[in-house]
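Since the structure comes first, as structure tokens, the remarks are kept for the end.
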Amino acid sequence: RPSRTVDAAIAALGAPGRSGLSRLGIPAFRWPVPVVAVAMAIALVISWDLPQPGTSPNAALVASVQVSVLNSATNILYVLDPAQGTVSALDATTLEQKSVITVGGRPTALALNSVTNTILVLDAGAKTVTEIDGVRNTITSSTAVQVPGTPTSLQVDPNGKLVVTSVVANTAPAAAAPAGAISLFNSGTKKLETVKAVDVAPTRLVVDPTGQHALLVSKDGTTLVDAGTYQSLARYGGGIAAAFGAAGDLAILSGSGTDGGLVTLTRQGTAIAVGGVPWAITALAGSGYAVLTDSGTRSRIVFLSADGAITGTIETPLGGRDLAFDQVTRQLAVVGMSGVSNLVVPAEVLAAAKPTVTTTTPSLVPAAPTQPAASAAPAAPAAAVAAPPIAQPATVVAPSAGKVPTDARAVWPGTYLVTIAAHPTVVTSDADRIWFVDDANVVNALHMRTGELYPLAHLPRSAVIARIAVSPNHVYLTDPKAGRLYVLTIGTEQLSSVAVPFLLITNDIVASPDERLWLATKGLGLVSFDPRGKRLESTIGSQDVSAVATDPLGRIWMGVPGRQVLDVYDPLTDRLTELNLPHEGTITALAIDRGGTVWAGTDTGQLFAIRNDRLEGAAALGRPVDDLLIDPSGRAWFVTHTGSEVLYGLAAGNGITVHAPGTASGPLFDSLGRAWQADGPAGGFYVTLSPGGQP
């Protein structure tokens, strides 16, 4: 390695305004305008070696390209070394090493919070974010971040939120589940505030320097979103990196088979072949782009003008993996497998890279068809505040002297239809009452023995309820689309709402006798909600939970996808126990009967009975188990849905299977042994007197 004296001399030769390279026998740069695919002499000004003992020079530095960040306020370039678990702080001009910060683990991405002057380090495997003070270059905190799936990148958005993108493994049919997620955290407390599902698997998040837009980059597609709301605005082709350019343009870097790297300029709809294996792209202060590619033995930087013309190339011997441009010094930092090099981008290149015509900056979003003018609607309230309780007397819809409801219509032997004015959509019960949302988004309670129907509270008209759970004094209703949890207090009939951003990745819910709601999620594991303090808390255990149930002791039972176990969590002792349960497929339903027997069902049709932590019985149902229910007498029932009907029967197998129309809900059992099934299109509830052939 050259001495510091030699490094300093070379740095001086490369300083702006000097042409000293010609004195070494290398001609000074003369840039014709335009220059097309001209190979340039090596222009390395100064380099710094990464300490990588024991690593192969041909090994990739890291899968993510987000391995460097420039703090222009301090002129410090931070470079990540995943293999060593370190972040090096370098003088951005001279590449003199100022500090090496050991963060441990295998960090995968960096980001700058310019407001707090801190550097954020993501460890995707450990799901942690480490914060480094930008003045002292010391670690100030390391926080676990609860994000679904595998984290891929992080940024600080214009609102000051810490944004972590992640890829969610999607084994469901196409379009049935999100491919990725955006998790927003308070940048100070690192508390999770919002999770937004997206239809791409983002490997990188690029924020517009103006703070208006952001790009979610994935190999399958690139989505332009609003940087404030993350609402999707436009969709482009896939890539590995992207940059915001001048005049409202976007540049997406991708690979294209035998053609090597491609840069697509979205505003012009053109693609420029840059060759090699593409690694990184950066905007040159609104005057074009620099693209880093790798031929296998050398790295090459290709310069593009704003309208896509190639204005020059530079080769560097480093195995380049990332780029950072300092518009003050006009230097490019090339981060490679073995070190970092700076090179000055000549003024001629920047001049040639500017767009030839100055235009008004257009919108990044494709224009929508012109629509007739309409009067502005009043703005919706910022918070989802539910309407007050409905002051209406109860109506009697199904009184009965015996088991047969009065005025009910027989629809098939042993089953009657009770019609009501409010058609039910989503239902649950607590043995005495059916709790349901009707087609007017009103929460109702129907007393099954007396037939009294009580309308209780209005939900927002836009609410789309997916699940309902009942504790002794609360009814919980989830709206995944809006990310809201509605809580009805039974004693006061008051309805409130709480933001729960991860409802889109919630697989199951259950309420426990201590009033808490337990949510089984994909990516965040088991999460509890306490209505008394309106607190959401994650618990120990697996990151993915497919089904959840609570037993008489208050323990929480969980199905774990991909593993041959059942997890049991005891909130009193904060202890997690794993029970081996060899099975096929995924556990989709759990229920615990009065005797303490745990019933588990899978999507492959297997049924298991577990008592005292031992397997007591197993059966093959022959169809997926969608739900397991316990009736007032303590018996377990399975429920399965097909395209045309709903079937249910005793899990113990000593009864007949009951068939109902496919529009009906699963059975809701009352203290008389009857089964109620909501059917909105039919206008009410089916009541089966002796389900399963039982007296």
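The values are calculated or read from the model by the stated rules, or taken from the named source; none is laboratory data. Keep in mind that this is a model prediction, so the values were computed, not measured. With ideal geometry, Cβ positions are generated from the backbone for all residues, glycine too; neighbour counts draw on all protein chains shown. Just so you know, the surface numbers come from the protein's heavy atoms only, side chains and all, with ligands and any DNA or RNA stripped out. Shrake-Rupley method; radii C 1.70, N 1.55, O 1.52, S 1.80 Å.
The figures follow:
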quantity	calculated
Residue in the range 531-540 that is farther than 22 Å from residue 127 by Cβ, open to solvent by 30 Å² or more (accessible area, probe 1.4 Å) and touching a Pro at 6+ places or on another chain (Cβ under 9 Å) present	no
Residues of the range 423-442 that turn out to be more than 30 Å from the chain's Cα centre (by Cα), assigned to a strand (DSSP E or B), of a type outside the set (Phe, Trp, Tyr) and under 19 Å from residue 497 (Cα atoms), as a count	2
Residue in the range 551-559 that is open to solvent by 10 Å² or more (accessible area, probe 1.4 Å), modelled with pLDDT of 90 or more and in a strand (DSSP E or B) present	no
Number of the exception - residue 224 against (1) open to solvent by less than 20 Å² (accessible area, probe 1.4 Å); (2) outside any strand (DSSP E or B)	(2)
Conditions (1) of a type outside the set (S, T, N, Q); (2) assigned to a loop (DSSP other than H, G, I, E, B); (3) closer than 15 Å to residue 167 by Cα; number of the one not met by residue 230	(3)
Where residue 459 falls short, out of the listed (1) surrounded by fewer than 19 Cβ atoms within 10 Å (Cβ to Cβ); (2) in contact (Cβ under 8 Å) with a residue 60 or more places away in the chain; (3) under 30 Å from residue 191 (Cα atoms); (4) aliphatic (A, V, I, L, M)	(1)
Which numbered condition residue 120 misses (of (1) assigned to a strand (DSSP E or B); (2) in contact with a Phe, Trp or Tyr (Cβ under 7 Å, 6 or more places away or on another chain))	(2)
Filter result for residue 476 (closer than 24 Å to residue 671 by Cα and either of a type in the set (Asp, Glu) or crowded, with 22+ Cβ neighbours inside 10 Å (or both))	yes
Residue match in the range 608-617 (condition: closer than 30 Å to residue 685 by Cα and crowded, with 21+ Cβ neighbours inside 10 Å)	no
Single unsatisfied condition, residue 454 versus (1) under 32 Å from the mean Cα position of the chain (by Cα); (2) surrounded by fewer than 20 Cβ atoms within 10 Å (Cβ to Cβ); (3) assigned to a strand (DSSP E or B); (4) hydroxyl-bearing (Ser, Thr, Tyr)	(1)
Within the range 481-497, tally of residues that are part of a loop (DSSP other than H, G, I, E, B) and in contact with a strand residue (DSSP E or B) (Cβ under 7 Å, 6 or more places away or on another chain)	3
Tabulated pairs, the range 485-501, first farther than 29 Å from residue 184 by Cβ, second surrounded by fewer than 16 Cβ atoms within 10 Å (Cβ to Cβ), C-beta under 6 angstrom, 6+ apart or interchain	490/473; 491/473
Conditions (1) at positive phi; (2) at pLDDT 95 or above: number failed by residue 589	(1)
Enumeration of residues in the range 70-116 that are outside any strand (DSSP E or B), open to solvent by 10 Å² or more (accessible area, probe 1.4 Å) and under 17 Å from residue 162 (Cβ atoms)	103, 108, 114, 115, 116
Pick from the range 457-478, criterion assigned to a loop (DSSP other than H, G, I, E, B) and among the hydroxyl-bearing types (Ser, Thr, Tyr), ranking: nearest to residue 420 (Cα to Cα)	462
Subset of the range 400-420 [of a type in the set (A, V, I, L, M, F, W, C) and without any contact (Cβ under 8 Å) to a residue 24 or more places away in the chain]	401, 410, 412
Subset of the range 126-149 (residues that are of a type in the set (S, T, N, Q), within 29 Å of residue 520 (Cβ to Cβ), touching a residue at least 24 places away in the same chain (Cβ under 8 Å) and crowded, with 19+ Cβ neighbours inside 10 Å)	146
Filter result for residue 576 (in contact with a strand residue (DSSP E or B) (Cβ under 8 Å, 6 or more places away or on another chain), assigned to a strand (DSSP E or B), surrounded by fewer than 22 Cβ atoms within 10 Å (Cβ to Cβ) and in contact (Cβ under 8 Å) with a residue 12 or more places away in the chain)	yes
